[in-house]
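The values are calculated or read from the model by the stated rules, or taken from the named source; none is laboratory data. Predicted, not measured: the structure shown is a model, and the values here were computed from it. FYI the Cβ positions are ideal-geometry reconstructions off the backbone, even for glycines, and counts take in every protein chain you see. We work out accessible area using only protein heavy atoms, side chains counted, and drop any ligands, DNA or RNA first. Shrake-Rupley method; radii C 1.70, N 1.55, O 1.52, S 1.80 Å.
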Amino acid sequence: AHFARAVAGPDTDRIAVAIEHGEALQLGGDVDAARDVLLAAAADATRAGRATDLARAALALGGGLAGFEVPVRDDDQSGLLRRAEAALPADEVALRAAVRGRLALALEGSVSHAERIRLARDAVGMARRAGDPLIESAVLAAYCDAIAGPDYVAERAAAAGRIIDLT
């Protein structure tokens, strides 16, 4: 209710507040309402040319920056993530890494396994260069998901160790 009132305020950054409202709804378990709010915020961010907010809204659809409960074959989310990745400025390395890591999850069943691994590895490298421990942990978790299976046990153990070190 507070977010709904805030978004109607005269001097409010409506896009930013809408994203926070969607995140709160998501965390509160109202996934359907969160989805509606976040999709609208993403559309507004796109129209306004606000790539960072577009990325934040797209990430929030899957549980926020560190969330990894991403619905499989969610074309809305994967489309927003792709648009955000293309629109983000080059200096937004950490956010670009988060978007790319989430794409590695969101594209399950839509692209090849090798493509998902490539996206996840790229995201890990970008996150390390950015020096953001939260984002690096999130993309390492996405990487572990992308390399699930018996062929990558050592890589997953190393990634898990790095997540623990970052924590």
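Remark: the chain carries 50 Å² of accessible area per residue (probe radius 1.4 Å; ligands, DNA and RNA excluded). When only the Cβ of Lys, Arg, Asp and Glu is charged (+1, +1, -1, -1), the dipole of region 74-155 relative to its Cα centre reaches about 220 debye.
Within the shell defined by Cβ-Cβ distances under 12 Å, the residues around ASP30 carry a net charge of -2, with Lys and Arg each +1 and Asp and Glu each -1. Charge tally for VAL17 (other residues, Cβ to Cβ under 14 Å; Lys, Arg +1; Asp, Glu -1): -2. Computed per residue of the chain from DSSP H runs no shorter than four, each worth -39500 (n - 2.57), the mean residue ellipticity at 222 nm is -23000 deg cm²/dmol. From most to least packed by mean Cβ count within 10 Å, the peptides 55-62, 37-44 give 55-62, 37-44. Our coupling estimate for region 7-14, obtained by passing each phi through the Karplus curve with A = 6.51, B = -1.76, C = 1.60 and θ = phi - 60°, is 5, 8, x, x, 10, 8, 7, 4 Hz, Gly and Pro reported as x. Candidate values [x] 1, 8, 15, 18, 17, 11, 7, 5, 5, 5, 4, 3, 1, 0; [y] 1, 10, 18, 21, 19, 15, 9, 4, 2, 1, 0, 0; [z] 1, 10, 17, 22, 22, 16, 7, 3, 1, 0, 0, 0 were compared with P(r) over Cα pairs in 5 Å bins from 0, in percent computed on the shown model; the agreeing label is [y]. Between the residues TYR152, ALA114, ALA86, the greatest Cα displacement towards the positive end of the dipole of region 79-167, with unit charges on the Cβ of Lys, Arg, Asp and Glu, is found for ALA86.
Given +1 at the Cβ of Lys and Arg, -1 at the Cβ of Asp and Glu and no other charges, the dipole of region 3-64 around its Cα centre is 140 debye to the nearest 20.
Taking Lys and Arg as +1 and Asp and Glu as -1, the other residues whose beta-carbon sits under 12 Å from that of VAL99 total +3. Classified by the C-alpha gyration tensor, region 6-103 has an oblate form. Its axis ratio a/c, with a ≥ b ≥ c, is 1.5 or above, and a/b does not exceed b/c. Karplus-based coupling profile of region 105-119, in residue order and whole Hz: 8, 5, 8, 3, x, 10, 10, 5, 4, 4, 5, 5, 5, 4, 4, with θ = phi - 60° in 6.51 cos²θ - 1.76 cosθ + 1.60 and x standing for Gly or Pro.
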